[in-house]
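Values quoted throughout were computed directly from the atomic coordinates according to the rules given, and no laboratory measurement underlies them. Predicted model only: the values in this text are computed from it and were never measured. Glycine gets a Cβ as well: all are built from the backbone with ideal geometry, and neighbour counts include every protein chain shown.
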Amino acid sequence: MKIIDNCIPLEQQKLIIHELLETKYFPWFYCDDITNQSSKSSQQRPGFSHYFVKDKKQSSNYWDIASLIIAPFTNKPVIQCRSFLQLSLNLKLIGSKFDSPHIDLPTPHTVYLYYVIDADGDTLLLKNSKIIKRVSPKQGRLLIFNGSIMHAARQPKKGVRCIINFDVLK
């Protein structure tokens, strides 16, 4: 596992914030459960997502912006790249304070998790259902870890949590 703060220059960080959050035109897509988009929602944690790459194919006109993040760190194929925008929720109503632990893909891969803005929704890395590392979202921070490690996000209590998740072939 590796954490790199200010992994890209501040000007590029600001460009990503502008394109994803400050414009009305970025195509976010609603998910009724941000962690588990493939089946009926179990945690009911609504949010928004956007796929830049799906099944190793570019699926967004915004890929050039996202690729600024990953280019300095690897030239291996990106299997999928998604952005998530999590909303703050009333945790008293929904129970668990973090999303369902998961791995992104069954294929051996490396996760590059970029934090678009500062937020209070930490990323949790788990082993045998125990938290082994907690990483706070900080603008410009990149968390790199083995994709076979179970991970989850804490739900933000205030504001939003915005990340770009790259799953790269190992």
Which value at 222 nm does the chain reach when only helices count, each DSSP H run of 4 or more adding -39,500 (n - 2.57), with the total divided by all residues and rounded to the nearest 500 deg cm²/dmol? -3000 deg cm²/dmol
Counting only other residues whose beta carbon sits under 14 Å from that of Ile149, what net charge do I get with K and R as +1, D and E as -1? +4
What's the ranking of 18-27, 133-142, 108-117 by average number of surrounding C-beta atoms within 10 Å, highest first? 108-117, 133-142, 18-27
Mind scanning Lys2/Lys127; Lys54/Lys170; Lys56/Lys138; Lys56/Lys130; Lys76/Lys138; Lys24/Lys138 and naming the pairs with a C-alpha gap bigger than 20 Å? Lys56/Lys138; Lys56/Lys130; Lys76/Lys138; Lys24/Lys138
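Would you please put 61-69, 5-13 in order of how densely packed they are, using the mean number of other Cβ atoms within 10 angstrom per residue and starting with the highest? Write down the numbers at each step before the final one.
Values: 61-69: 16.6, 5-13: 13.9.
My ranking of the peptides, most packed first, is 61-69, 5-13.
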Within the set of other residues whose C-beta is less than 10 Å from the C-beta of Leu87, count the net charge using Lys and Arg as +1 and Asp and Glu as -1. +2
